[in-house]
Every structure is written in C-alpha cells, then in structure tokens.
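K.L.:
Handing you a structure now.
Values quoted throughout were computed directly from the atomic coordinates according to the rules given, and no laboratory measurement underlies them. Keep in mind that this is a model prediction, so the values were computed, not measured. A quick note on method: Cβ atoms are made from the backbone with ideal geometry, for glycine too, and the neighbour counts reach across all protein chains shown.
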Amino acid sequence: MTSAPLWLSAPSRFAALPVNRARWVVAGVVLLILGALSVLFVPLPVPGATGAGADRQGDVALYESIVAAVTHGEGYYRAAADALRMGGYPLRPFLTFRMPGLAVVQGALPAALTVAMLYALALATAWSWYRRVAEALPRWPARVVALVLLTAGMLAFVQSGLIAFHEIWAGLLVALSLALRRPGRWVEAAAIAAIATLIRETAALYVIVMAGIAFAEGHRREAAGWAAALGLFLLVLTAHAVAVQGVTGPLDATSPGWAGLNGFGLFVRAMTLATGLQLLPPALAAILTALALFGWACWRDPLGLRALATFCAYALVISLFARLDTFYWGLIIAPAFLIGLAFVPDGLRDLWVRARDRRRVVVTQVAR
C-alpha cells in the first residue's frame, strides 16, 4: 500500500517500486550527487584559448555588431564573416557561423519591438509551464515553490542585454514546445521546435529526442511530424553551409573542435551558470542540479518523461562534446530545468519508504 502524495496529485514513479530496485535507485541518486560534485574539479576556461571572446559578453557584442551591419543593409554572411575575423573568432567549419534568421529579423525590426517580442515569448513560456505544473501540484504551497523555481530558471531569458544571443531565443522556444506538447496534440510543439532549430542548431537534439519517444510509444504520425521538423532543419543547414563557404577561405581560422570530454561536471556548471543556481555556493548548486534531474524522473507523466529524456540527452552531449568555453549550451534547456526540484519531496519519500520496506509475505497452508 502506497502513502498519500505529499505535493503531487498522484504517487511518484517510485511509489510502488520493488524493494531491491528501490535500493538500486537510492544508490544511483547518491552516485548522481557525487558526479555532480565533480564540478568542483572542472577547470575554468582560459580567456582567448580558442580564439573566441574572453567571455559571453564578448559573444553578445559580436552578434550585436552583426545585427547592426544587417540593419544598415549589409548581407548577413558577409557581415558575419567580417565580424568574426575582426574579433579573432574561427570561421571554419561552417558551424562557427550562427544561422541567419535571428539577425535578419532583428535587423529589420525596431529594437523596442524585438525586446517586446522576447518578453512576450518569455511570458508565454512561463504561463504554459505553470499551467502544466499546476495540474501535477494541486496544493498552493507546492505551486508557489514551482513558480519560484521556474523564475530562477528564466532569469537569463528576460535580460534585454542578451537579446542578440541565440541561445536565449532557442531555449525559450524549446521550453515552450515541451510545455505545449500533449498526448494527441503535437503539431504546435513540433512547429515551434522547428523554429528553434533555425535559430540555434543545437536545438535539433531536442527534436531528435521527441521524435524518438513518439516512435517508441507507437505514435507514428507524431514521430513523422517531428522528423519533418528535423528534415526542414537539415535542408536549411545545408543551404547555410553553402552560403558560409562563399565568404570563407582556406586561410581563415579553424575551430579547435567540439570534443571536450570534460564530463558531467561541465554540465553541472552549465546549468548553474544558466540559472539562478549561480547565486548559491558551488557545492550546493551541484547537489540541487543532481536533484533536479532526479525530480524529473519522479514525475510519472508523459511530459515528465520527455523533459527527463531531453535534459539527459543534453547532459550527455555537454559532458562529451562541449568545451570549457561553450558551457552556454546549457541555456537551451535552462528555463524549465529547476522545476524538477518541486517533484523531489514525493520522490525521495516514496523511494526511502520502498527501500526500507522489510515486510515479508508469509504463505500458510490450511489443512482441511
């Protein structure tokens, strides 16, 4: 018999777990926390080591200069190539160039309108997530906590000074897409995700995850829709590569690549710097990052499964491929990430109860 939920409207995923399996999960949570604490041993990036800017503000200035050039009538690719060379950035391979869509749109619109669009997108994302989480958290104290966690995850996404940063827009679009997807209703989510990939190509990993889960669950039409979004991205990416080739040459600097192999600690740093966790001591922030991942595993819901799979996929990619100076990849999944902490109380309680269950089933035979 399971105990009544603490915060959730239904028992957590671990409420009916067999004893031995529950103990294995407890051990896994401990290892997850220890792995997160490895962030304390991840070195800081060396400014200028890759030919890029010394910090993210340098990248923002780069993108702002490209938008300014486009505003004054210069072609995007020529403007981007000139700005990259002037800033000492690599120009090869073509992935060092951002997709043109965001800069072209910002160059065509008044700055005030662009800021208004960012705030409107952030508000729509926050409202969509609050509605989804409110369904799982019927008590108002839990909802308040979830709202605080959502706010902490979106602090970077309402800063007008970062409006030219591609991850800000792509991260909000990915979060909005994830919140809008419901069983039998996926078209809007796939369309929004497609837009995200056209702003920042790293958002394509989210589309792959959603297509894979839809296919695994037997939702063939939905899987085809997500595959179509991915196909559109690949077509545009091909055209992008051709356009970049037209403005670069063999003497342009080459990127050092994306084989950082910095481990799970770099993912923890990425999520810390992308959210309000950066205000906390590093060790505490690391523990909360691990518990947020665990929290998403606690929520027995299709949205919880997709969020967990998305966050784990980005954790793997950042751990394996991100360099020390590309920690900002974490912004793609930052807006909703900390909400997972709201599911931790039920998950930990249920897991602890199941792991300590010493009841035995005794079978007696009655002679007649």
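K.L.:
Can you figure out the FRET efficiency of Leu95 with Tyr130, using R₀ = 41 Å and their beta-carbon distance, to the nearest 0.05?
P.N.:
It comes to 0.70.
K.L.:
Grab the beta carbon distance between Val104 and Thr254, set R0 = 22 Å, and tell me the FRET efficiency rounded to 0.05.
P.N.:
0.25
K.L.:
Could you work out the local net charge near Glu222, counting Lys and Arg as +1, Asp and Glu as -1, over the other residues with Cβ closer than 14 Å to its Cβ?
P.N.:
So the surrounding residues net to +4.
K.L.:
Of the GluC sites (Glu not before Pro) in segment 200-233, which ones lie in a loop per DSSP and count no more than 14 other C-beta atoms within 10 Å?
P.N.:
Hits after loop and neighbour filter: Glu217.
K.L.:
Another question, then. What distance in nm separates the two pseudo spin-label positions at Val148 and Ala191, each 7 Å out from Cα along the beta-carbon direction?
P.N.:
Result for the modelled spin labels: 3.8 nm.
K.L.:
Using only the Cα atoms of segment 19-355, what do you get for the radius of gyration and for Dmax, in Å?
P.N.:
Taking only Cα atoms of segment 19-355, I get Rg and Dmax of 20.2, 67 Å.
K.L.:
Here's another thing I want to ask about it. Below 14 angstrom from the Cβ of Ala211, what's the summed charge of the other residues (Lys, Arg +1; Asp, Glu -1)?
P.N.:
Local net charge: +2.
K.L.:
Another question, if that's okay. At Leu113 and Gln278, where each label point lies 7 Å from the Cα along Cα→Cβ, what is the point-to-point distance in nanometres?
P.N.:
Output for this residue pair reads 3.1 nm.
K.L.:
Using the alpha-carbon centroid of each, what span in Å lies between segment 60-93 and segment 127-150?
P.N.:
Centre-to-centre distance over Cα atoms comes out at 41 Å.
K.L.:
Follow-up question, since we're still on this one. Normalised by the empirical 2.2 N^0.38 Å for globular proteins, what value does the Cα Rg of segment 114-218 take?
P.N.:
Output field value: 1.12.
K.L.:
Right, another one. For Leu234 paired with Ala4, estimate the spin-label separation in nm (one decimal), with each label point 7 Å from Cα along the Cα-to-Cβ line.
P.N.:
5.3 nm
K.L.:
Identify which of Gly276, Gly171, Gly28 has the largest mean-square fluctuation in a Gaussian network model of the chain, with springs joining Cα atoms closer than 10 Å.
P.N.:
The residue that fluctuates most here is Gly28.
K.L.:
Which of Ala203, Ala241, Ala290 moves the most in a Gaussian network model of the chain with Cα springs under 10 Å?
P.N.:
With Cα springs under 10 Å in the chain, the top fluctuation among Ala203, Ala241, Ala290 is at Ala241.
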